[in-house]
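A.B. asks: Can you keep this structure in mind? I'll have questions shortly.
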Amino acid sequence: MRVELPGVGELVQKAADKTRAAQKERTQQAKDLALAQTLDKSKSLSTEKANLSKTVADKGQELAQAQDSSKRIDATDAQQAHKAAKEKLEQIRAQEQAQTRAMLWSIGVTGEAAKVMEQILARNLESQRAETVKAVEAIGKVAEREAQAQLARDQAKEFQDQQKAKFIELGYSPEFVKTMELVNRGRPAPGVPLPGAPELAPEVTRDGRAAELQRTRNLGLEKGGR
């Protein structure tokens with residue numbers, strides 16, 4: 001038979017209530033601290049977002065002006081600018097997600113409701129920076145295009161050097177080699193599109209070689225006639 005002393009049950013209940021109250025207070029303090037930290041980080045993040053928007057806008061304008069003036073764009077520079085902007089954008093998104101979760105927890109929104117709210121807030125944030133995202137993507141497209149153009153230019157240069165070496169090996173005169181070097185300048189490598197390269201029909205090279213052969217024959221005739 002269990003015998004309970006008078007007042008013991010009441011003391012136990014009070015102690016339990018006090019423990020729960022203390023735990024609740026600590027939880028609320030943690031939430032208040034999390035909310036304060038979130039608000040503080042939000043100010044810093046706003047500055048980062050504004051800086052990113054300005055950076056990509058300035059870079060986009062720089063690239064557009066270069067294109068309008070037919071100025072060659074440095075592919076490596078464009079690639080680095082796109083990489084940095086893309087990484088910063090992903091970093092901002094990750095920070096926003098962490099701040100959103102901390103904020104929702106601090107105001108008592110948890111579980112499925114928190115997931116729904118997180119998705120809604122994320123969509124709103126993406127909508128607000130739509131122009132920045134477009135600018136980042138535009139820089140990426142320019143970087144990709146210029147990288148392909150640079151590769152085509154490198155291949156064209158290799159092709160032109162090979163053509164020159166071939167003419168020399170075949171014994172063509174220095175004058176002809178120089179002429180064909182000028183003719184081939186700016187020509188793309190076979191099967192490789194080169195932006196801005198002139199279209200050169202195959203007969204141009206063929207006729208040039210025919211002219212050289214005729215010149216050689218004429219020289220032979222002149223020597224034979226002496």
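The values are calculated or read from the model by the stated rules, or taken from the named source; none is laboratory data. What you see is a predicted model; the values in this text were computed from it and never measured. Glycine gets a Cβ as well: all are built from the backbone with ideal geometry, and neighbour counts include every protein chain shown.
A.B. asks: Those residues that are part of a loop (DSSP other than H, G, I, E, B) and surrounded by fewer than 16 Cβ atoms within 10 Å (Cβ to Cβ), I need them from the range 69-83; list them, please.
C.D. replies: Those that are part of a loop (DSSP other than H, G, I, E, B) and surrounded by fewer than 16 Cβ atoms within 10 Å (Cβ to Cβ): 69, 70, 71, 72, 74.
A.B. asks: Another one. If I go through the range 120-177 residue by residue, how many of them are farther than 30 Å from residue 190 by Cβ and free of Cβ contacts under 8 Å to residues at least 40 places away in the same chain?
C.D. replies: Residues in the range 120-177 being farther than 30 Å from residue 190 by Cβ and free of Cβ contacts under 8 Å to residues at least 40 places away in the same chain: 12 in total.
A.B. asks: On to the next question. Among the residues of the range 166-189, which ones are within 39 Å of the chain's Cα centre (by Cα) and loosely packed, with under 15 Cβ neighbours inside 10 Å?
C.D. replies: Once the filter is applied, which keeps residues that are within 39 Å of the chain's Cα centre (by Cα) and loosely packed, with under 15 Cβ neighbours inside 10 Å, the range 166-189 yields 181, 182, 185, 186.
A.B. asks: Same structure, new question: Given 41, 86, which one is at negative phi, modelled with pLDDT of 95 or more and surrounded by 10 or more Cβ atoms within 10 Å (Cβ to Cβ)?
C.D. replies: 86
A.B. asks: Being in contact with a helix residue (DSSP H, G or I) (Cβ under 7 Å, 6 or more places away or on another chain) and either more than 16 Å from residue 140 (Cβ to Cβ) or loosely packed, with under 15 Cβ neighbours inside 10 Å (or both) narrows it down to one residue among 57, 94, 64; which is it?
C.D. replies: 57
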